[in-house]
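Q: Below is the structure I would like to discuss, written out as structure tokens.
Readers should treat all values here as calculations from the given coordinates under stated rules, not as data from a laboratory. These numbers come from a predicted model, not from an experiment. Because the Cβ atoms are built from the backbone with ideal geometry, glycine has one as well, and the counts that use them run over all protein chains shown.
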Amino acid sequence: MHNTAIFQFKENRDKYGSLIPIEASRDIPFEIKRIYYIYDVKKDVTRGFHSHRQLHQMLICVNGSVSIRLKTNLEEDVVVLNAPNKGLYIGPMIWREMFDFSEGAVLLVCASEYYDESDYIRNFDFYSEEYSKKYN
Ligand code: T46
């Protein structure tokens, strides 16, 4: 889907365990201004239901697994994040829903901007209208 991409991070694995470094602008395509993590989510809960106007984000499920539904006016896709070396980049104007969190799942998110509620579109009809204006 446009404005999204799967990233594979390099794992440093040895007999002592594993380590994955993520460097802003080198391993991911933006400067990181904020990180947050989502955890303790019950199996039947779906979160998200919004798009961002400007924000770039990298989602990494550092423990367990979670599914991400991505939507635009034209496309729909589901990406399963189930390994700590797999990242999902989501750029501007992509609707997202996070569901099917496994027991103990921890979803780490690197974001390009500080938290700003005015960057959110939390209604799909409004999203759809803005998407059409931007891309049609
Ligand atoms: C996204 C998906 C993947 C803050 O105070 N600061 C923050 O940086 C964030 C991200 C949230 N909050 C507050 C706002 C709400 O009162 O935390 C509460 C839960 O946020 P929200 O309902 O937006 O959470 P999700 O899981 O629906 O969405 C989050 C991000 O907000 C969003 O940017 O792309 O994760």
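Q: Say a paramagnetic label sat at a point 7 Å from the Cα of E97, along Cα to Cβ; which residues of the stretch 39-59 have their backbone N under 12 Å from it?
A: 45-50
Q: I'd like the Karplus ³J(HN,Hα) series for the stretch 84-90: coefficients 6.51, -1.76, 1.60, θ = phi - 60°, whole numbers in Hz, and an x wherever there's a Gly or Pro.
A: Each residue of the stretch 84-90 in turn: x, 9, 10, x, 10, 7, 10 Hz.
Q: Mind checking which of K15, K33, K43 has the largest fluctuation in a GNM of the chain, springs on alpha carbons under 10 Å?
A: Maximum among the listed residues: K15.
Q: Going 7 Å from the Cα of H50 toward and past its Cβ, which residues in the stretch 95-124 have a backbone nitrogen under 16 Å from where you end up?
A: Residues 95-99, 109-124 fall inside that zone.
Q: Treating the angle as unsigned and between 0 and 90°, give the value, to the nearest 10°, between the Cα long axis of helix 124-135 and the longest Cα principal axis of the chain.
A: That works out to roughly 80 degrees.
Q: Within the chain, what is the longest stretch that has no chymotrypsin sites (Phe, Trp or Tyr not before Pro) placed in a DSSP loop and near at most 14 other beta-carbon atoms within 10 Å?
A: Working: sites that count: Y16, Y114, Y115.
Counting only loop sites that pass the neighbour cut-off, the longest clear stretch is 17-113.
Q: Setting aside same-chain residues fewer than 8 positions from K42, which aspartates and glutamates have a Cα under 20 Å from its Cα?
A: Once the sequence-local aspartates and glutamates are set aside, what remains near K42 is E97, D100, E103.
Q: For the stretch 28-136, what is the charge dipole size about the Cα centre, in debye to the nearest 20, if Lys and Arg each add +1 at the Cβ and Asp and Glu each add -1 at the Cβ?
A: Charge dipole, the stretch 28-136, about its Cα centre: 140 debye, nearest 20.
Q: Going Cα to Cα from K134, which lysines come in below 24 Å? Please leave out same-chain ones fewer than 8 positions away.
A: K71
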